Amino acid sequence: MQATIADEEQNLLKLDIQREDYETDLKRLTGIKADSLVLAPVDLTPTNVPALDVVEQSASRNNVDIQLAELNGQKAQLGIKVAQQSYRPDLACWQATPTREATLFFQPTTHSWV
């Protein structure tokens, strides 16, 4: 029992030294000249975390990089479809209505050599 108490006291001492080191680093980085630094209390009440599926759906809807990747995938699929269709033969159908000149041109003629 005494050993666990001593171990916990040692852990508290380590945490206190670590806090002092963080305070010193914060003062050095921010240029604070105060000897004592009083930090505001932090609210540690647990918050409800949404389910992983909800977070993933929200990220995929709102992340521009994911949307661009999906659009690039669709663009690639359409490019493949266009490439596949270029191997198909082109067919064209049209209907011409005969004109007076065309009917005169295509009249059967009798030639003297026939």
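Please give me, ordered by residue number, the trypsin sites (Lys or Arg not before Pro) of the stretch 31-88 that lie in loop per DSSP and have at most 14 other Cβ atoms within 10 Å.
Lys33
Contour minus end-to-end for Thr45 and Gln2, with contour as 0.36 nm per residue of separation and end-to-end as the Cα-Cα distance?
So the extension gain works out to 12.2 nm.
Cut-off 18 Å, label point 7 angstrom out along Cα-to-Cβ of Asn63: give me the residues of the stretch 19-51 whose amide nitrogen falls inside.
The answer is 50-51, whose backbone nitrogens lie closer than 18 Å to the label point.
Bear in mind that the values in this text are calculations on the coordinates, not laboratory data. These figures come from a predicted structure and were not determined experimentally. Glycine gets a Cβ as well: all are built from the backbone with ideal geometry, and neighbour counts include every protein chain shown.
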